[in-house]
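What follows draws every value from the coordinates through simple rules; no lab data is involved. This one's a predicted model, so the numbers in the text were calculated from it and none came from an experiment. For neighbour counting, all protein chains shown are included, and Cβ atoms are generated from backbone atoms with ideal geometry for every residue, glycine included.
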Amino acid sequence: MQHMRVCEITVRRDMEAQELQWISHQASLFSSDVMFKYENLNLQLDAKSLLGMMLLPIRRGTKLTVQTRGKDELEALEHLILLLEKQDAPREQG
C-alpha cells in the first residue's frame, strides 16, 4: 500500500503565468505524482500538467492542498511547498 504526503497551505501572493510554468517544471523533476487541490473550487489538478496549471490562477489567499505520492514524495512535497510559500517571485536565471 502506497502512502501519500499531504500539506495544506494558503498562498501568500498572486502568482504570474511564468511562475506557474516554473512550478509545473519543478514538479516534473520528481518521479512522484504531484496534485494540487483547490479547496474553494473542490478541484484537483496535476501539478506536472502545464495546461492544468495555466487553467486556474493561484492568487493570494488561495487555499491549496499539495499531495504527493511515490518514491520521492517527501522531497517533492517539501520542495513545492517552499516554492509556493515564497514571499518573492523567483528571479530569472541567466
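Cα-based values for region 5-85, radius of gyration first and Dmax second, are 11.2, 31 Å. Using just its DSSP H runs of length 4 or more, each adding -39500 (n - 2.57), the chain gives a mean residue ellipticity at 222 nm of -10000 deg cm²/dmol after division by all residues. Under a model in which nothing but the beta-carbon of Lys, Arg (+1) and Asp, Glu (-1) is charged, region 5-85 shows a dipole of about 180 debye around its Cα centre. Going Cα to Cα from K63, which aspartates and glutamates come in below 15 Å? Please leave out same-chain ones fewer than 8 positions away. Candidates past the 8-residue exclusion: E8, D14, E39, E85.
Using a Cα-Cα cut-off of under 24 Å, which lysines could be cross-linked to K71, ignoring same-chain neighbours fewer than 8 residues away? The reachable lysines, counting only those whose Cα sits under 24 Å from K71, are K37, K48.
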